[in-house]
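Enquirer: Sharing a structure here in structure tokens format.
Please treat every number below as a calculation from the coordinates, not as lab data. Remember, it's a predicted structure, so these values are computed and weren't measured experimentally. No Cβ is skipped: glycine too gets one built from the backbone with ideal geometry, and neighbour counts run over all protein chains shown.
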Amino acid sequence: MTAIYLLFILMLSIFVGFELIRKVPATLHTPLMSGANAISGITLIGALSLAGGESGQLATYLGALAAFLATINVVGGYLVTDRMLAMFKKK
């Protein structure tokens, strides 16, 4: 029964997130991405604590996968943010 609730929360968060991101104007995209990078950093810390804990083998594997994906998200987000900010620098 809880799996149905968790699936419902996941689907709702995907829908709300998509709708919010789609309506963001271009001038606010860089600050929004910086905030998302900070949230991904928090996710990375949580994933590392799950991967390093003694919660079982499945939790360790899922934590390692989450740490890997969160790292890709953080690094990619900072690279894109840096590239966008470089467009506004005077040459």
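Enquirer: Using unit Cβ charges (K, R positive; D, E negative) and no other charged atoms, how large, in debye to the nearest 20, is the dipole of the chain about its Cα centre?
Expert: Charge dipole, the chain, about its Cα centre: 600 debye, nearest 20.
Enquirer: Which whole-number percent gives the relative contact order of the chain, counting Cα pairs below 8 Å spaced six or more residues apart?
Expert: Relative contact order, the chain: 27 percent.
Enquirer: Sort Thr27, Thr71 by Cβ crowding within 10 Å, fewest neighbours at the top.
Expert: Thr27, Thr71
Enquirer: For the stretch 28-91 and the stretch 1-19, what is the separation of their C-alpha centers, rounded to whole Å?
Expert: So the two Cα centres are separated by 21 Å.
Enquirer: Need one number: nm distance between label points at Ile39 and Tyr78, each 7 Å from Cα along Cα→Cβ, rounded to one decimal.
Expert: Reported label-point gap for Ile39 and Tyr78 is 1.9 nm.
Enquirer: What whole-number value in cubic angstrom gives the convex hull volume per residue for the C-alpha atoms of the chain?
Expert: Given the Cα convex hull of the chain, per-residue volume reads 97 Å³.
Enquirer: Quickly estimate the mean residue ellipticity at 222 nm for the chain, helices only: each DSSP H run with n ≥ 4 gives -39500 (n - 2.57), and the total goes over all residues, rounded to 500.
Expert: That calculation yields -29000 deg cm²/dmol at 222 nm.
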